[in-house]
Amino acid sequence: MNRSASHIGVRNLTIAYGDFVVMRDLNFTINRGDVFIIMGGSGCGKSTLMKVLIGLKSPATGQVFYNDKSLWEIDPTDRQQIMQRFGILYQSGALWSSMTLAQNVGLPLELYTGLAAGEIHDLVSLKLSLVGLAGFEEFYPSEISGGMRKRAGLARAMALDPEVLFFDEPSAGLDPVSARRLDDLILELRESLGTTVVVVTHELASLFAIGNNSVFLDPETRTMIASGDPKQLLAESPDPKVRRFLTRGEE
Amino acid sequence: MRAISFQQSSEETLLLKLSGPWKLGSDLPTVEDVAGRIASGRRVRKVAFDAEDLGNWDAGLLTFLVKVRDLCRQKNIELDSRGLPEGVHRLLGLASAVPEIKDTGKNQVRERWFARVGDRTIEAVRASREVLEFIGDATLTLAKLAGGRVRMRRSDLLLIIQQCGADALPIVTLISALIGLILAFVGAVQLKLFGAEIYIASLVAIGMTREMGAMMAAIIMAGRTGAAFAAELGTMQVNEEIDALKTLGVSPMEFLVLPRMLALVLMMPLLAVYADLVGILGGMAVGVGAFDITLTQYAEQTQLALNTRHILIGVVKAGVFGIIIAVSGCLRGMQCGRSATQVGYAATSAVVTAIVWIIVADGLFAVITNVLKI
C-alpha cells in the first residue's frame with residue numbers, strides 16, 4: 001500500500017449557505033491511509049466541511065478530488081459510485097430507527113453485494129462483534145444507549161469495507177473508556193484494512209492519539225490557518241490560535 | 001438614595017460612585033444617565049468607578065456596566081474598571097473577552113418594504129419550484145417502480161399499509177357512522193315536510209358514496225397519517241438518517257416516500273368504500289329507528305338510489321386524495337429543518353396543505369362531474 005499517495009484533495013474550496021460564507025480558500029491533501037483530523041472550535045464549520053467531502057453539500061466554489069476525480073464536476077451517477085466507497089459515522093449514529101441493528105448493518109450489504117441471506121447474517125454478526133455489540137442484532141436503536149448507537153453506526157459504516165471512513169465527532173457523548181476503545185478501533189481499521197480515516201473532532205486526547213495529519217479551521221478568519229501532524233503542530237506551530245487550541249488555552 | 005452619583009474627580013476623569021443594592025427588578029439607573037452627564041459636563045477622557053458604598057449586586061449591575069463600556073468605546077473614552085469589586089471586574093473582563101461577531105448574517109438591518117416583497121416573491125417561487133421538483137421526482141420514481149428498478153423494502157410497504165389501512169378502521173368507523181347519522185337527521189327534517197322520509201335512504205347513500213365517504217376518510221387520514229409521515233420523515237432528517245441513506249446511494253424518494261405513497265393510494269379507496277358502507281348503516285339506524293321506515297324499505301331504496309357510477313366517483317376521488325395526503329406529508333417531512341420545532345411545523349403544515357388541496361380537488365371534481373353530467 002502506498003501511504004503517501006494522495007487520496008482526497010481539496011483545492012480552493014469555499015463553502016457557503018446562501019450569501020453567508022462558512023469557510024473559504026481551503027487547500028489540503030489527505031493521503032491514502034491517513035488518519036486525518038478536521039479540527040477547530042465549536043461552530044467553525046467542521047461538520048459542514050465534512051458534508052462537502054462526503055457529497056451531501058455542494059461547495060460554493062473550488063473542488064474536492066477523489067483519486068484525481070473531481071467529486072462535484074462529474075456526473076451524479078459517478079459521484080454516487082464514489083460515495084459508495086465511503087463509510088460514515090454521523091454524530092448521532094443516524095441509525096434507521098425502524099430497523100433492527102442487524103437490518104441497519106445488513107442493508108448496505110443487501111443493496112450492493114448480492115450475497116445470500118446467510119452470508120449477510122454472518123457478516124452482520126462479525127461487524128457487530130467488532131464494535132462490541134455481539135448479541136444485540138435484534139435490538140432497535142431506541143432500545144440501546146447513545147454510546148451503543150454510535151458503535152452500531154460504526155458497524156454499519158464498516159459494512160462494505162469502505163476505502164474512506166468519515167467520523168463526525170466520534171467521541172462526543174461517550175465515556176472516556178468507550179472513547180478510547182473507539183480510537184483504538186479506528187487505528188486498528190487503518191492498520192488492518194488500510195482505510196483512510198477522516199475525523200471531525202475537537203477532543204484533544206483523541207486527535208493526538210490517532211491523528212497523523214490535520215487541518216485547523218479558524219471561525220474568526222473563516223479559513224484554515226494550519227495543517228499537518230497535530231503533534232508536530234503542537235510542537236512547532238507559531239500560530240497562537242493553534243497553540244491555544246492544542247494546549248486547551250494554557251498558552 | 002440614588003444608586004449612582006457623578007464626580008468630576010480630576011481633570012477630564014468622570015468618577016461614577018455606585019452605592020446601595022444593584023439588583024434586577026429595582027429602579028436602577030440607566031446608561032442614558034451617564035451619557036447625559038458626559039454630554040453636558042466638561043470634556044471627559046476617562047471613566048472610573050468608586051464602589052465603596054456598593055451593596056448587594058447581580059446581573060443588573062453587569063448589564064449597566066456593559067452598556068457603559070460600549071458607550072465609552074463609542075465615544076473613545078478610556079474605561080478604568082479597577083474601582084469595581086473584584087468579582088464584577090472579572091465578569092466584565094469575561095464579557096469583553098470575545099468580541100461581538102457582526103457579520104453572522106442574523107443582525108441585518110430591517111429591509112425596505114419593496115425588498116421584503118421581492119424576497120418573499122423569490123422565496124415563494126423557490127418553494128413552488130421545490131414542490132414541482134418533488135412531484136416530478138415522485139412521478140419518475142413511480143415510473144421506475146413500473147420498470148421494477150426501485151430500492152424499497154417490501155416489509156416497509158406492508159407495515160405502512162397496515163398502519164394506514166387496518167389501523168385506521170376504528171376511527172373511520174366512528175366518524176363515518178356519525179356522518180351517516182347526521183346526513184340522515186338533516187335530510188329527514190326537510191323530507192318529512194313533504195312526507196318523503198323514505199328518500200333519507202337515497203340522500204345518505206348518494207351523499208356518502210359520491211362525497212362524504214371519500215372526503216371524511218381523507219380528512220381523517222390527513223390528520224392521522226399525513227401528519228405521521230411528516231413527523232416521521234422530519235425526525236429522520238433531524239437524526240441524519242436521511243443523510244445516511246443518501247450517502248449510501250439510496251434515494252430517499254424510493255426508500256421512504258414511494259412506500260408511503262403506494263400504501264395511501266392503495267388504502268384510501270378501500271377506506272372510502274368502507275366509510276360508505278358504515279355511513280349507510282349509520283343512516284339506516286336513524287331511518288329505521290327514528291322514522292317509520294322498515295329495514296327492507298330502507299335497503300331497497302338504497303339499492304335503487306345507488307349505482308356503480310356514484311361508487312366509482314367516490315373511489316377515484318379517494319385515490320386522488322390519497323396522493324394529495326401522501327405528497328403533502330412526505331414533502332413537508334423531507335423539507336423539514338433540523339430541530340424539534342421544525343418537526344412540529346412540518347406535521348402541522350402537512351395537515352393544512354393536505355386539507356386545503358383535498359377541498360380544492362373536491363371542488364374540481366364537482367365541476368368536472370357536473371360538466372360531464374355524471
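The values are calculated or read from the model by the stated rules, or taken from the named source; none is laboratory data. Everything numeric here is computed off the predicted structure, so don't read it as measured data. Here the Cβ positions follow ideal geometry from the backbone for every residue, glycine too, while neighbour counts run over all protein chains shown. The accessibility values were calculated without ligands, DNA or RNA, using every heavy atom of the protein model including side chains. Shrake-Rupley method; radii C 1.70, N 1.55, O 1.52, S 1.80 Å.
Quick notes
- Percentage relative contact order, segment A:88-161, counting C-alpha pairs under 8 Å, at least six apart: 50
- Per residue, chain B exposes 54 Å² of solvent-accessible protein surface, assessed with a 1.4 angstrom probe and all protein chains in place.
- Normalised contact order of segment B:4-97, rounded percent, pairs of Cα under 8 Å and 6 or more residues apart: 30
- Under a 5 Å amide H cut-off, with hydrogens placed 1.01 Å from N, B:Gln8 pairs with B:Leu15 among residues at least 5 apart or on other chains.
- Residue-wise HN-Hα coupling along segment B:221-232, computed from phi with Karplus coefficients 6.51, -1.76, 1.60 (Hz; x: Gly, Pro): 5, 4, x, 8, 8, x, 5, 5, 4, 4, 5, 5
- The H on the amide N of A:Met23, modeled in the peptide plane, is under 5 Å from the matching H of A:Ile15, each at least 5 residues off or on a different chain.
- Estimated inter-spin distance, B:Leu281 and B:Ser128, nm [label 7 Å along Cα→Cβ]: 4.7
- Within straight-line cross-link reach of B:Lys17, aspartates and glutamates at Cα separation under 19 Å, skipping those fewer than 8 residues along the same chain: B:Asp27, B:Glu32, B:Asp33, B:Asp50, B:Glu52, B:Asp53, B:Asp58, B:Asp70, B:Glu78, B:Asp80, B:Glu86
- Stokes-Einstein D in µm²/s, Kirkwood radius over Cα pairs - chain B at 10 °C with 1.306 mPa s viscosity: 59
- As a fraction of the 1.4 Å probe accessible area of segment A:19-77, surface on carbon and sulfur atoms comes out at 44 percent.
- Most mobile listed residue (B:Gln190, B:Gln335, B:Gln163) in chain B, GNM with C-alpha springs under 10 Å: B:Gln190
- Solvent-accessible area, 1.4 Å probe, carbon plus sulfur percent, for segment B:129-371: 70
- Debye intensity ratio I(q)/I(0), log10, segment B:4-97, q values 0.21 Å⁻¹ (C-alpha model): -1.09
- By the Kirkwood approach, averaging reciprocal distances over each pair of separate Cα atoms, segment B:314-374 gets a hydrodynamic radius of 12.6 Å.
- A 1.4 Å probe, protein heavy atoms only, puts the accessible area of A:Thr77 near 90 Å².
- Total accessible area lost when B and A pair, probe 1.4 Å, Å² to nearest 100: 1800
- Taking all Cα pairs closer than 8 Å and separated by 6 or more residues, the relative contact order of chain B comes to 17 percent.
- Beta-bridge orientation, the protein assembly as shown: approximately 45 percent antiparallel, per DSSP, counting only bridges with both partners inside.
- DSSP bridge pairs, segment B:4-97: antiparallel proportion in percent, nearest 5: 35
- Cα-only radius of gyration and Dmax that characterise the protein assembly as shown, units Å: 33.5, 109
- In segment B:129-251, the convex hull through the Cα atoms has an average projected area of 11.1 nm², a quarter of its surface area.
- Which of B:Tyr274, A:Tyr17 is most accessible, then next, and so on - probe 1.4 Å: A:Tyr17, B:Tyr274
- Burial of 50 Å² or greater, segment A:87-119 residues [accessible area, probe 1.4 Å, versus chain by itself]: A:Tyr90, A:Trp96, A:Leu111, A:Tyr112
- Segment A:111-234 - percent of accessible surface contributed by carbon and sulfur, probe 1.4 Å: 55
- Between A:Phe139 and A:Leu101, A:Ala102, the built amide H atoms are under 5 Å apart, and every one of these is 5 or more places off in sequence or on another chain.
- Vicinal HN-Hα couplings computed from phi for segment B:147-157 (Karplus, 6.51 cos²θ - 1.76 cosθ + 1.60; Hz; Gly/Pro x): x, x, 10, 9, 9, 8, 8, 4, 5, 4, 4
- Rolling a 1.4 Å probe across all protein chains gives B:Asp27 an accessible area of roughly 140 Å².
- Segment B:268-303 and segment A:1-56 have Cα centres spaced 67 Å apart.
- Computed with a 1.4 Å probe on the full set of protein chains, the accessible area for B:Arg126 sits at about 100 Å².
- For chain A, the share of alpha carbon pairs falling in successive 5 Å distance bins from zero is 1, 6, 13, 17, 19, 17, 13, 8, 4, 1, 0, 0 percent.
- The phi-based Karplus calculation (6.51 cos²θ - 1.76 cosθ + 1.60; θ = phi - 60°) puts the 3J(HN,Hα) values of segment A:195-212 at 5, 7, 10, 10, 10, 8, 7, 10, 7, 4, 4, 5, 5, 6, 5, 10, x, 10 Hz, whole numbers, x for Gly and Pro.
- Once the partner protein chains are put back, segment B:227-245 shows a loss of at least 40 square angstrom of accessible area, versus the chain by itself, at B:Glu240, B:Glu241, B:Asp243, B:Ala244 (probe 1.4 Å, ligands and nucleic acids excluded).
- Accessible area in the full protein assembly, largest first, 1.4 Å probe, for B:Ile122, B:Ile198: B:Ile122, B:Ile198
- Relative compactness, segment A:57-164, computed as alpha-carbon Rg over 2.2 N^0.38 Å: 1.19
- Square roots of 5 times each gyration tensor eigenvalue, C-alpha, segment B:189-238, largest first, Å: 41, 8, 5
- Cross-link partners of B:Lys192 among lysines (Cα-Cα below 30 Å; sequence separation of 8 or more within a chain): B:Lys373
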